[in-house]
Amino acid sequence: MRIPNLGETDLLVPLHSGVFEQPMWQTFLRQLRRVCEAQGVSIRLESVGEGGDVTLAVGDTFALAKADMREGRVYSGEELGTGHASLRAVRLGNEGLALTLVVLSPGAPGAEIASLISALVPHLRVALQVLASLERERSRASVSAEAFRRMNFGWIALDERCRIVDLDAQAERLLARSGALRRGPYDRLVPALPAIDRQLTALVKAMAGDRRHRPRAINLSQDPWTDILVAPVRIEALAGKDKAVAVVYLRGDRSSSADRHEQLVDVFDLTPAEARLAWSLAQGLSIAQAAKAHGLTVETARYYSKKIYAKTGARGQVDLVRNILTGVLALA
């Protein structure tokens, strides 16, 4: 058996890149089995507090019982009471995640296997730290994705001809159910209203020529409320091979105005009439416009608005917009 120089790519590159494989570390395990002339090699991952262990293996597997192993020390099968003198194992732990590497190699000298595993320990520790960091980021990303999903927020990348070159899952769902935007022929993003289509086309064309063009917001629908923000892709490297020039950030309300009125009654203890007026004011209507929309006199609307501000804690219409549109109702 040849113990490789750890500066070589035989084991270290597959070990460090293995966290991105599916399943993880398969190349590393195959290489380790070959180098050790092993009957089987395996990695067991344990997530503290969840009880969901995962075993990754190449060749014959050996169900090593959980034992009190000192972190980073290589144990023989005899020390672990397995009855396999040719087994060597090491256990490492990091931030709620533990890794146990097992090598079962009846035809190779146990001391050489132990020496190789000991040399790998610092690299296994780094790989485990990377995996733990990735799992933390996945968890955070999952929470963020859920928040974006509940806010009905998505993004669509467009080329200079308004063709969709990339989008997230939430935007895909919004396109599927929204009447305000659709995926047209040749994957072109098509607003329902021709005037907005012309406006979007002109904006994207301008942004293709000027990466410093200022972002523009466009309202697509008022019931349910749907807005887009069109912004240029400012960094060339982020444009990708399909040459995205603009990103459309899409926010579509899942609730109708009637639903929002009921939610405002629940959250702020408004009366139904106050809730209807509050929602109109939050959409940017003036007191006079909101009064007309709801068949109220301006004086009555002003009276209602004072009660709305008192109940919502808003000091004016700007505060009211923030309290309603950026509060928990955005997640409802």
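The values are calculated or read from the model by the stated rules, or taken from the named source; none is laboratory data. Keep in mind the model is a prediction, meaning the values are calculated, not measured. Ligands, DNA and RNA are excluded from the accessible area calculation, which covers all protein heavy atoms including side chains. Shrake-Rupley method; radii C 1.70, N 1.55, O 1.52, S 1.80 Å.
Residues 115, 221, sorted by accessible area with the largest first, give 115, 221 [1.4 Å probe; ligands and nucleic acids excluded].
Can you tell me how the stretch 34-85 classifies by the Cα gyration tensor, rounded, prolate or oblate, using a/c under 1.5 as the rounded cut? It comes out oblate by the Cα gyration axes. Close amide H partners of residue 155, meaning residues 5 or more places away or on another chain with modelled amide H under 5 Å apart, are 168, 171, 250.
Ranked from the most accessible area to the least, with a 1.4 Å probe and all protein chains present, what is the order of 153, 20? Walk me through the intermediate numbers first.
Details: 153 60, 20 145 Å².
Of 153, 20, the descending order of accessible area is 20, 153.
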